[in-house]
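Below: the structure, in C-alpha cells.
The values are calculated or read from the model by the stated rules, or taken from the named source; none is laboratory data. Everything numeric here is computed off the predicted structure, so don't read it as measured data. So basically every Cβ, Gly included, is an ideal-geometry build from the backbone, and we count neighbours across all protein chains shown. SASA here: full protein model, heavy atoms, side chains in, ligands and nucleic acids out. Shrake-Rupley method; radii C 1.70, N 1.55, O 1.52, S 1.80 Å.
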Amino acid sequence: MTGNPVSATRAARRGRPRPALEDAFIPVLLVALVVVLTMSTDSFLSRGNILNVLTSMAILAIVSFGQTFVIAGGGFDLSIGGQVALHGVVAALVMAATQNILLGLLAAAVTGVLFGLLNGLLVIWLKVHPFMITLGTSVVATGVTLIASNSESVGGLPPSIAGFGVGRPLGVPWIVWLMVACFAISLFLLSVSPFGLRVLSTGGNREAARLAGLRVDRTTVTTFVIAGVFAAVAGAAITARLQSAQPTVGGELELFSVAAVVLGGSALHGGKASMWRTLLGVLVISVIQNGLNLLGVGDAWQAVAVGLVFILAMSAELLRRLSPVRRSRPVEPPSAGKPDAAKGTPAAV
Amino acid sequence: MTGNPVSATRAARRGRPRPALEDAFIPVLLVALVVVLTMSTDSFLSRGNILNVLTSMAILAIVSFGQTFVIAGGGFDLSIGGQVALHGVVAALVMAATQNILLGLLAAAVTGVLFGLLNGLLVIWLKVHPFMITLGTSVVATGVTLIASNSESVGGLPPSIAGFGVGRPLGVPWIVWLMVACFAISLFLLSVSPFGLRVLSTGGNREAARLAGLRVDRTTVTTFVIAGVFAAVAGAAITARLQSAQPTVGGELELFSVAAVVLGGSALHGGKASMWRTLLGVLVISVIQNGLNLLGVGDAWQAVAVGLVFILAMSAELLRRLSPVRRSRPVEPPSAGKPDAAKGTPAAV
Amino acid sequence: MTSSSAVPAVRTAGITKRFGAFTALSEVDLDLAPGEVHGLIGSNGAGKSTLIKVLCGAITPDEGTLTVAGDPVSFTLPAQAERAGITVIHQETQLFPDLSVADNVVVSRPNLRGPAGLGLRDRRADRAEAARLLESLGLTIDPGRLAGTLDLAEKKLLQVARALRSKPRLLILDEPTAALEARQARRITTLIRGLAADGLAILFVSHNLDEVLESCDRITALRDGRTVARLAGDQATPHLLAELVAGQQLANAPDRTPHEAGDLLVEAELGGADIAPTAITLRHREVVTLTGLLGSGAGRYARMLSGATRPDSGGVRIAGRLLRPHNRRQAVAAAVGFVPEERKRDGIQPMLSVERNIALGDIRRFSRFGMLDRRKIRRTAERLIDDLDVRPADPAFQAGLMSGGNQQKVLIARWLAAGARVLIVEEPTHGIDIGAKQNVMHQLRRFADERGCVVVVALEGDEFRSITDRFVAFRRGRLVAELAGNVPHADLMAACLGTTSEGRES
Amino acid sequence: ADPAAEGAAKAGTRTIGVSFAAPRIALYAGIQKGIEAEAGKLGVKVIFTDANGDPLKQANDISDLIAKGVDGILVSAIDAKAVVTPLADAKAASIPVMTVARDVADPSSRAAFIGNDWGKSGTEIAEWTCKNVGKGKIIMIKGPSSAPYVQEMTKAYKEVVGSAGCPDMSVAHEVNLNEMTTEKGLEATKASLSAVPDAAVVYANLDDFVGGVIQAVNEAGLTGKVTVTGFDGIPSTLEMVRKGQLGFEIGLQPQKWGAKSLQSMVDKLDGKEVPDKVTIETLPFDKTNADQLTEADLQ
Ligand SMILES: Nc1ncnc2c1ncn2[C@@H]1O[C@H](COP(=O)(O)OP(=O)(O)OP(=O)(O)O)[C@@H](O)[C@H]1O
Ligand SMILES: Nc1ncnc2c1ncn2[C@@H]1O[C@H](COP(=O)(O)OP(=O)(O)OP(=O)(O)O)[C@@H](O)[C@H]1O
Ligand SMILES: [Mg+2]
Ligand SMILES: [Mg+2]
C-alpha cells in the first residue's frame, strides 16, 4: 500500500466524480425537446406557455420532492397518489365545515404527518419491502377517501379560496411559488442540513449507518413523514386550484413521481439523490406532455411518446456502460437481478 | 465442520427448512376468512359461489403465474396490465378481420412473445431496474392499444366465440379450466424442469449464476417472455369472456399480481418462489373480494378491507422475526429500507 | 509430479487488461501444469482476481493468448471456460442462499430423468450426488439444507464440491482460506494437495504467505499487474515472499514494548445468544485481543460490547456511565467506535465520499446552525487522510471504489474524527495485504496509546501479538482464559482449542 | 385525424380545442368522431385533449389550450365544480367555452351547454320497464355518483318505479362505478346477482357496462329471466336488442351530438345566437322497432 505509487495516480483518474457524458444526457434531452418544440410550435417559448408548463408540473414536482427523500433513504412510496386525494379531501371537508382555510390546511398537514408516520412505522416494524407496505396503505387511503367524500367531489369551500385559484403574485401563479418554496426547503434538507447526510447514509448502506450510530429507523420514518407532508401540500393545492376536492385525483402520481426521481438520475435503491435531478426529471415529463398538447397529438400517441422518452432516458445507463472508464466491469452491475448483493443485503451471501 | 462439535449441533438446530409458524400464516388466514364468510353469509360455500370465486380469480391468477417467473428470476413486470389489454385487442382485431378464432389466439400469442422479448432485451441491454423499464413499456402498450382499438371496444368477433363465454365443460366454466392448465404448466416449469432451477439461481444470485456458467441473460429474457405469453392468454380470455376486447382492461393487474406473488410468501427480490404460494396469494385476494361482495360491502369499504388484509398478511414477517430460531442473528436483514431494493436494483444508480 | 513440465494444462502469454486508462494486468505469463499447486501472491489490487477472471472467461483480455492443453482458446463466457475444464472458486462466496445444498451443487447441470428431452429433474439423484461429493471432501451435511444457513467453511467446501463436479483440469481458488480459522484453512490446503496428487492443476491465491509456502510447488508474484517473480516452492522464504508482495523492504515488526495500563475505562458484563455471562474490563492504553475458533463467541461478545447487537443480560459501563444495551447511538455518544468484520458490507457508505464517511461518526460535531459544516469536514478529513496515509489522498473520492485496506483506514479515521476512546475492531487484517496490515496495526497501537483502548477480535489472535497487551480466549461461548500479550503461541492455541499446550504443533 | 398539427397559425382557419372527460367510453368516442367529421365540413381545426378521468389533468389541458390560443373550447367536465380556474382564464382571454354532455356547476362560466335531458331519459327507461316487466326487483349498475347524468337519471327513474303507477317494482340493489368499463360492469353485476338472486331487471346506466352485464346474466344462468336495459345506444347494442339480450335502449346518436356541438361553437364564433341549453334528440328502441333501424342510425 504505502509504497505503491500507481494507486495514487489511478485514484486520481477514477473514482472522483466528474461530469460525465451520462449525467449530461437528461439535460441534453431536455434542451433537445425545447428546441424541437420551439421550432415546431409557435407558442412553446411564449411567456404564457412557460408559466403553463410550470403550473402543470407543480403538483408532480411537489410530490416528487417528497418521493426523493423516501427513495434516497432506501424506501419507496406507492401511496403518494392515494394520499394526495385523501389529504385534499380532508382539507376540503374541514374548510367546508369551518369555512376557515387555515384550519383546512392544518388538518391536511396533520393527516399528512399521520399517514407518513403510519407508512414509516409499518415499514420499520414489519420489515417488509416498502413497496408492499405502501401499496397496502395506498389501497386503504383510496377507500377512506371515497368513504369520507361519499365518492363525490367536495365543494362548499370558503369563497376566499377562489383567490388562490387565480392569484398571480408578481405575475406568476401562486402554485408555481408553492413549488419553488417546496423545492427550496427540500434542497436545504437534502444537501445542506445534516439530515440529508443521514438520509443518504441510511439509503446507501443501512447496516453501516446503524453501526455508525445513526438512528436509521427514525430517519426512515422521517422520510415517509416528509413525503406525507408534501402529499398534503399537493392535495391542498389541488383542492385550492380546482376549488373542490376530487377523490379520484392523483392516480398516476406515485409511478410518475418515482419515474421523475429516477429519470433525473438518482438511484432507485437509495443512497444517491439530488433535488436538482428530480426537478429535471419532472421537467422532462411535463415538457413532453405540454409539447404534445400544443402539437395537438392525441392522448394515445402521447402515451406512446411518454413511454418512449422514458426508455430513451434510461438509455443514459447504456451510455454509462459504454463510456470507456467503466466499460468492462463485468462484476459490477448484473442486469436484471441483484447486483449489490454485497451492499445492503447481507443475507444474500 | 466435522471437527467442531459446536457447529455440528448448531447445524442441526438451524438450517433445514421446516414448516414454520410464518409459512403457515397465509394458509391460516385463508382458512379463517373462509370460516368467517361461511358463518356470516349463507351462500359462500355454495357450489355456485365457489365457481364464482374461481371464475373471478382466473385472470389475476394467470398473469400472476407469469409474474412469479419474472420475480423469481430477479425481475419485475409492471407492464402486465397494459399487455393484457394490448394482446386482448390484438386477438379481437385479428378475429374480427379473419373471422377465425385460432388466428386471433395465435396473433395474441405472437404479440405476447414479442412484447416479452422487448421487455427482457431492454432489461438486459439497458441494465436499468426492470421496474423502470416495464413502467415505460407499459405506458407505450397503453398508447398502442388505444391507437389500435381507436379507443373503443373491439367487437365483430366470430359468433362461435360466444361458446367460450358460457361453456362449462364438466360443469366448470372454461376459464377455470384455462387457469388450471396454466397452473399445471407453470408448476412444471418452475419446480420440475431444470429451467426452474435456472430461474431461481439467476434471481437468487445473478453473478454467481453467471459464474456458474448459466446463461443468465437468456433466462431473464425468457421469464419476461413467459409473462408476456401469460398476459396474452389472459387478454384473449377476457376478450372471449366479454365477446369484445376492452382497451381499458387490466389496470390493476400489475400491482395485484406482484402483491399476490409476495403475499404468498415468495421473495420480492427473487430467488425464492413457488407457484403454490402464488395461487394462495391470488386466492386470498379473490376470497376477500368475493366475501365483501356477498356481504354487500361497497367499493370503498372493500378497498379499505383489501388494504388492511395486505398489511395483515405482511405481518407474517413480524412473526418470522419474533420466532426464536432467527432471533439473534443481528447482522441479518437490514431492516426497513432496502432489504430487497438493493438487490433488485442493478444499475439504476 | 514428474509430468508437470510436459504439456501445461493452461498457459497464458502476454495477458494485458486495461480498465479505461488503468492497466490492471500487463503482459502476464503463467503456466499451470497438471499435478501442480501454483501459488499466486501480490498486494491488494495487484491484479490476482483480474487474472483469474481472464482465465475463466468472466472478462476478456485486451491482449495476450490463452492455451488449454496446447490449443489456443478464447473465452467470452464462463460457461466456455468451464467446458474447457477451468473452474474457479471466486473470492466472494458465490452461492444461492435460498436454494438447497444439493441445488447449489448441481445448479449448472441438474440431473434429469425420464425420456430424453422431456426435461424432468431427478432430485433424488441430485441429492445423492451432492452428498457423495461433499462426503469426499469430508463434509456430512444434509443436502436439503438451505445454503444460506451454512457457515463460512462449509460454504467454501460447498463451492469446492460444485467445482469438482465438472471434473476440471484446472481448479482456481481465489483466497479460499481468508476468513477461515487455522484448522479449517488447513483442511482446505490439505484438500488442495490431495486434488493435485490426483492430477489436477491448481492455482491458489492467498495473502497468508505461510500457507502458500507450505502448499505450493511454484509461486508467481504479481505487483501492479506485472509478474515480478516466478519461484519454485523450495526457493522461497517467508521473508522473500513478504518483500515481493510489499514491494519494499519491510521494517521488522517493532519489538513489543510493555505498556503500563492506565485507569479503568470499560467495565462490561454481558451474556447473550449462546454466550455465558462474561465480565471484561479495559483500561486506558490497552490493546486487548479477543480470540477463539470460529463461532467461539468472541465476535458475538464484541458486538454486544459495541452495542451492535442485543445482549440477553448484563450491561456496559464506559468511564462509569452505564449504557443502554443494543444502542449504537448511545455507545457512539459514549465514544465507542466499532469497525465490523465485513467492512464493505456493514461499514462503508459506498456511495458517499471519503470525507462524508469520516464525518458520519458524529454528524453533530460537523454541523453548525443546522447546516453541515463543509469546511470543517474537509479540514478534518484532510488531516486524517494524511495521518493514516489513506490512498488516494482525496477527500472527495467515492469510498465504495477504494481498496479494502484503505476502507479499513477510513473507518478508523471515522472514529478518530468522532473522538472515540474505545475502538472495537473485528478482523482488521482480513483480505488486506501485508503492507497495509503493518500500517493498520500501527494505527491501532497508536489509537490505544493516544486515545483510550482498542479491542481487536481475531480468529488468528497471534497475528496481533506485536500490539496486544492482553489476550482473551473464548471457547464455546465462554471466556476460558486471559493471557498476557507475551504468552507463548502454543499456550494461546491451547486455550482456544481446550487442549493442553503439547497437544499441537506451532 | 389531426388537422391541427400542421400550422394552426394559418390565417383565417379557426382552431377549436376540445377537452374530454374520458374519450375511452363509447359515447365520447362517438362524439369525437362526429366533431372530426363536422370539422372537415366546416373547415375548422380541432385539437383534442384527454384527461382520462383526472380533473387536475383536465385543468392543465384547458390551460394548454388557452396558451395555444384556440378560438373556442368545448369541454365535458369531469367534475362539475373543478374547472373553475381554467374557465375563468378562458373568459379573461375572451375564448368562448361550451360544455358538452357534462355541464359545469357555474353556468355563467360557459356560453352554452349541449346535452341531453337526462331526467326525461330516466323516466322513459323506467316507464318502459314498468310496462314490459311490471313486477320484481331491480339492480342498478350506475356511473360515478357525482356525475349529474347519473344523479338526474336515478332520481327520475326512482320517481316512476314503485310509484302508484308501478307498485310491484322496487330497486333492490345499487352500485356506483367510477371506472366505466365492460369488465367492471361484469364484476359488479355478478356480485349484485349473488346478493339479489331473484332480480328481474338490471338497469345499466351506460352501454359501456352493457356487454359485461349481459355476460354476467349469462354466466349466472339467468338469460331470459332477467331483463337488461341500457342507455347511450352504441351501434353494437342494436344486435343485442334484436336478439333479446337487451330489452330497451335509448340512442343518443353521439356523432350527431358531436356535429351539433361543433356547429354551435362555430355559430357562436360567427356571431349567431346560440341558446343557453342545446338539447339533442334521442332515439329510444326495443324489439318492436329495432328491425327498422340500422347501425348507421345510431351513429
Ligand atoms: N472492473 C474494473 N474496473 C476498473 N478497475 C478495476 C476493475 N476490476 C478491478 N479493477 C482494479 O484492478 C486492480 C486489480 O484488482 P484485483 O481485484 O485483480 O486485485 P487483487 O490482486 O485480487 O486484490 P485483492 O488481494 O485485494 O483481492 C485494482 O486496482 C482494482 O481496483
Ligand atoms: N446464536 C448463534 N447460534 C448458532 N450459530 C451462530 C450463532 N451466532 C453465530 N452463529 C454462527 O457461528 C458462526 C460464526 O459466527 P460469528 O462470527 O458470529 O461467531 P463469533 O461469536 O463471532 O465467533 P468468532 O470468534 O468466530 O467470530 C457463523 O456460521 C454463524 O452463522
Ligand atoms: Mg482479489
Ligand atoms: Mg466472527
Area hidden from solvent between A and B (accessible, protein heavy atoms only, 1.4 Å, total, Å²)
6300 Å²
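When a/c is below 1.5 the answer is rounded, else prolate if a/b is larger than b/c, else oblate, so apply that to the stretch A:203-290 with a ≥ b ≥ c taken from the square roots of the Cα gyration tensor eigenvalues.
Numbers: a/c = 3.21, a/b = 1.57, b/c = 2.04.
Verdict is oblate for the stretch A:203-290.
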Rg in Å to one decimal, and Dmax rounded to a whole Å, for the protein assembly as shown via C-alpha atoms
35.3, 116
Helices from chain D with mean Kyte-Doolittle at least 1.0 and a Cα length along the axis of 30 Å or more, per DSSP H: which?
none
With one decimal in nm and the nearest listed first, the spacings from B:Leu51 to its own position in the other copies, using label points 7 Å along Cα-to-Cβ, are 6.4
Among D:Val18, D:Val161, D:Val274, which one shows the highest mean-square fluctuation when chain D is modelled as a Gaussian network with alpha-carbon springs under 10 Å?
D:Val274
Could you tally the net charge around D:Asp168, taking each other residue with its Cβ under 11 Å from the Cβ of D:Asp168, Lys/Arg +1 and Asp/Glu -1?
+2
Looking only at the stretch C:265-497, where both bridge partners belong to it, what percent of the DSSP beta bridges are antiparallel (to the nearest 5)?
55 percent
Taking Cα centroids, how far is the stretch C:96-142 from the stretch B:20-77 in Å?
33 Å
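Grab the beta carbon distance between A:Leu308 and C:Val7, set R0 = 60 Å, and tell me the FRET efficiency rounded to 0.05. Present the calculation step by step, with values, prior to reporting the outcome.
Numbers: r = 56 Å, r/R0 = 0.94.
The formula returns an efficiency of 0.60 here.
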Which value, in square angstrom to the nearest 100, describes the accessible area buried between chains C and A on both sides, using a 1.4 angstrom probe?
4600 Å²
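Please list A:Trp125, B:Trp174 from largest to smallest accessible area, probe radius 1.4 Å, with all protein chains kept in place. If you can, show how the numbers build up before the last one.
Details: A:Trp125 145, B:Trp174 40 Å².
So the residues, ranked largest to smallest area, are A:Trp125, B:Trp174.
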Modelled label-to-label distance, B:Glu252 and D:Asp286, 7 Å Cα→beta-carbon offset: nm?
3.6 nm
If each K or R counts +1 and each D or E counts -1, the residues other than D:Pro144 whose Cβ falls under 10 Å of its Cβ total -2
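Using r as the Cβ-Cβ distance of C:Arg383 and C:Ala319, and R0 as 35 Å, what FRET efficiency do you calculate, to the nearest 0.05? Before the final figure, lay out each step's value.
On the way: r = 26 Å, r/R0 = 0.74.
It comes to 0.85.
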Which of the peptides D:236-245, C:114-123 is most tightly packed, and how do the rest follow, judged by the mean count of other Cβ atoms within 10 Å per residue?
D:236-245, C:114-123
Give me the one-decimal nm value for the distance between modelled label points at B:Leu103 and C:Asp263, 7 Å along each residue's Cα-to-Cβ direction.
9.4 nm
Partners for D:Lys135 among lysines (Cα-Cα distance below 30 Å; same-chain residues under 8 apart left out)
D:Lys120, D:Lys155, D:Lys158, D:Lys184, D:Lys190, D:Lys225, D:Lys243, D:Lys287
Simple spin-label estimate for A:Met39/D:Thr13, 7 Å along Cα→Cβ, in nm, reads 2.1 nm
Would you mind pulling out the separation of the Cα centroids of the stretch C:162-225 and the stretch B:79-141, in Å?
51 Å
Specify whether the C-alpha gyration tensor of the stretch C:393-446 places it in the rounded, prolate or oblate class, a ≥ b ≥ c being the square roots of the eigenvalues: rounded for a/c under 1.5, otherwise prolate if a/b is larger than b/c and oblate if not.
oblate
Sequence neighbours fewer than 8 away in the same chain don't count; with that in mind, list the lysines whose C-alpha is under 16 Å from B:Lys127.
A:Lys338, B:Lys343
Ranked order, C:Thr50, D:Thr294 - accessible area, probe 1.4 Å, largest first
D:Thr294, C:Thr50
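If I compute solvent accessible area with a 1.4 Å probe over the protein chains, what percent of it on the stretch B:20-321 is carbon and sulfur?
72 percent
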Anisotropy class of the stretch A:20-321 from Cα gyration tensor, a/c 1.5 cut:
oblate
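I'd like to check one number: the per residue accessible area of the stretch B:24-109, probe 1.4 Å, reported in Å² as a whole number. It would help to have the intermediate numbers written out before the result.
Details: 2860 Å² over 86 residues.
Dividing the accessible area of the stretch B:24-109 by its residue count gives 33 Å².
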As a quick test, which of the pairs D:Lys142/D:Lys260; D:Lys57/D:Lys260; D:Lys68/D:Lys91 have an alpha carbon distance above 19 angstrom in this structure?
D:Lys142/D:Lys260; D:Lys57/D:Lys260
DSSP bridge pairs, the protein assembly as shown: antiparallel proportion in percent, nearest 5
40 percent
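With a probe of 1.4 Å, find how much accessible area chain C has per residue, and write the answer as a whole number in Å².
39 Å²
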Total formal charge among the other residues, if their Cβ is under 12 angstrom from that of C:Gln94, Lys/Arg +1 and Asp/Glu -1
+2
Per DSSP helix of 4 or more residues, -39500 (n - 2.57); summed, then divided by the residues of the protein assembly as shown. What does that give at 222 nm, rounded to the nearest 500?
-16000 deg cm²/dmol
Would you check chain C for Lys pairs whose C-alpha atoms are within less than 19 Å, ignoring same-chain pairs closer than 8 in sequence, and give me the count?
9
